[in-house]
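Each remark here refers to the structure printed beneath this line.
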Amino acid sequence: MSIDRGSAKSTTLAGRLPEETVKGCRLQTKFKFIFLSVACLSLAWAAWGSMEAEAQSFRLKNGDTVVFYGDSITAQSLYTQWVELYTVTRFPGMRVHFYNAGVGGDRVNGGSGGTIDERLARDVFPHRPSVITVMLGMNDGSYTPFTEKIQSAYTSGYEHLLQSIHEHAPGARVTLLGPSPLDDVTRPVWFPGGYNSVLREYAELDRNLARSHNASFVNFNPPVVALLEHAEAFDPNVARLLLPDRVHPDVIAHWVMAETLLKAWDAPAEVSSVIIDANAVKLVEAQNATVSGLTHDDQTLHWSEKEEALPLPFDKGNATLALLFQLTDIQQQLNQESLRVTGLEPGLYELVIDDQPAGKFSGEELNQGVNLAEFATPMRDQAQRVAWLIADRDQAHGVHMRMLIRNADLGLVQGKEDVVDVFESSLEDAIYAEAVPKVHLYTLSRADHSGEKRP
């Protein structure tokens, strides 16, 4: 997705034990002190255990190096960038390195960036990847009906590609991606059955190749076709914008592709979950978050909170993202930052985080739980800054790869550090420094419709 820096000043677009246990339990006796301290410590350990379980289930691990290999759809650097954004913001305590190795026009035997052997040797293996994704097929069929000759060339070329990966990156975990579709939904097909039927055949070949080469398989074709069909029913004019040239997905379709890959990699939906009993002034639950200093005066609840992750920085004020939410369930699937406050009297309440208004909610809404990822918060602003840095580093890497393709003129050699490598590394350091979780001060106050606070 293209990130508009100018429109996101305060509204925005991704194994640690909590530093302190939950405080603020009002204690009357030594016995109560012991009992409640153990209970509060148990809540902290429960949050830690949940966070550890999610990190363990997610397919990417600390220290992984991920290389996305493919043609111009991968070279758009959208679904790849958002997989990185999710990983960095959801698991800021891990360090994962990401590289996009997409080149326009590529096939299983290579293309404008060189033969497949040249491409792999220059753009993939020097990074020493532990995870490789491959998406090809769009160009391999030459936009013509499926033939046995085309199938044979595709299969043999892919076999060679996978064998080379096994030889030069033997420990890499490989995911083959069924190619995203050609839009045969909103426009007339070019020939009986349409070219996307050819791409579906390639996806089945990919599935079989993954099975025989001990790789995993994720098919981008069905979810993007389903998106097109849903959008066509919603508004045909909108639907035709999702793959504007029929081949290259737009922002919304790339988010669907990113979501598909992330869910296949067992990406958790939860950013954090906090439940507070306002009546008892008590923390009930904190998942992937640490809450301390919970107090109440005659008008306001106060507490400090440190979430161990950041939300994906989706801004509902962005027209493209608003349409994404209408057409998909991505917020539900990947971006749940839940706050529940029970025991409130009926009325309107204002939530402020670090002096930044986050929203006004009814007591019933807070009792049911609100998803803070849907609102402008300091956490979302922080995630947006991470997104900008990721976009910068990804762009630098794209320029670097194009320079390496033309190394005859520039004298650059992949694997031998140059000034762009140093710059890329500095940007990656900045990404992870920016993603470090911070402590925020929360206040929840009763307010009438004029905004006047009252008990």
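The values are calculated or read from the model by the stated rules, or taken from the named source; none is laboratory data. Since the structure is predicted, the reported quantities are computational estimates derived from the model, not experimental observations. When we count neighbours, we look across all protein chains shown, and the Cβ atoms used for this are built from the backbone with ideal geometry, even at glycine.
Listed values, structure above:
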item: In the range 269-325, the residues that are among the aromatic types (Phe, Trp, Tyr) and under 19 Å from Ala383 (Cα atoms); result: Phe314, Phe325
item: Neighbours by Cβ (under 6 Å, 6+ apart or cross-chain): first from the range 421-448, hydroxyl-bearing (Ser, Thr, Tyr); second part of a strand (DSSP E or B) and surrounded by 14 or more Cβ atoms within 10 Å (Cβ to Cβ); result: Tyr442/Trp303; Tyr442/Glu305; Tyr442/Ile353; Thr443/Thr300; Thr443/His302; Thr443/Val352; Ser445/Thr300; Ser445/Glu350
item: Inter-residue pairs, beta-carbon under 7 Å, first assigned by TED's automatic domain parsing to the domain that holds Ala376 and under 20 Å from Glu285 (Cβ atoms) and in the range 332-359, second of a type in the set (Phe, Trp, Tyr) and surrounded by fewer than 17 Cβ atoms within 10 Å (Cβ to Cβ), 6+ apart; result: none
item: Any hit, the range 246-255, residues being in a helix (DSSP H, G or I) and either modelled with pLDDT under 95 or among the β-branched types (Val, Ile, Thr) (or both); result: yes
item: First in the range 302-327 and not assigned by TED's automatic domain parsing to the domain that holds Val386, second anywhere and assigned to a loop (DSSP other than H, G, I, E, B), Cβ under 9 Å, 6 or more apart; result: none
item: Among the residues listed as Leu444, Leu372, Leu366, the single one being of a type in the set (A, V, I, L, M, F, W, C), at pLDDT 95 or above, buried (at least 17 other Cβ atoms within 10 Å of the Cβ) and under 20 Å from Ala309 (Cα atoms); result: Leu372
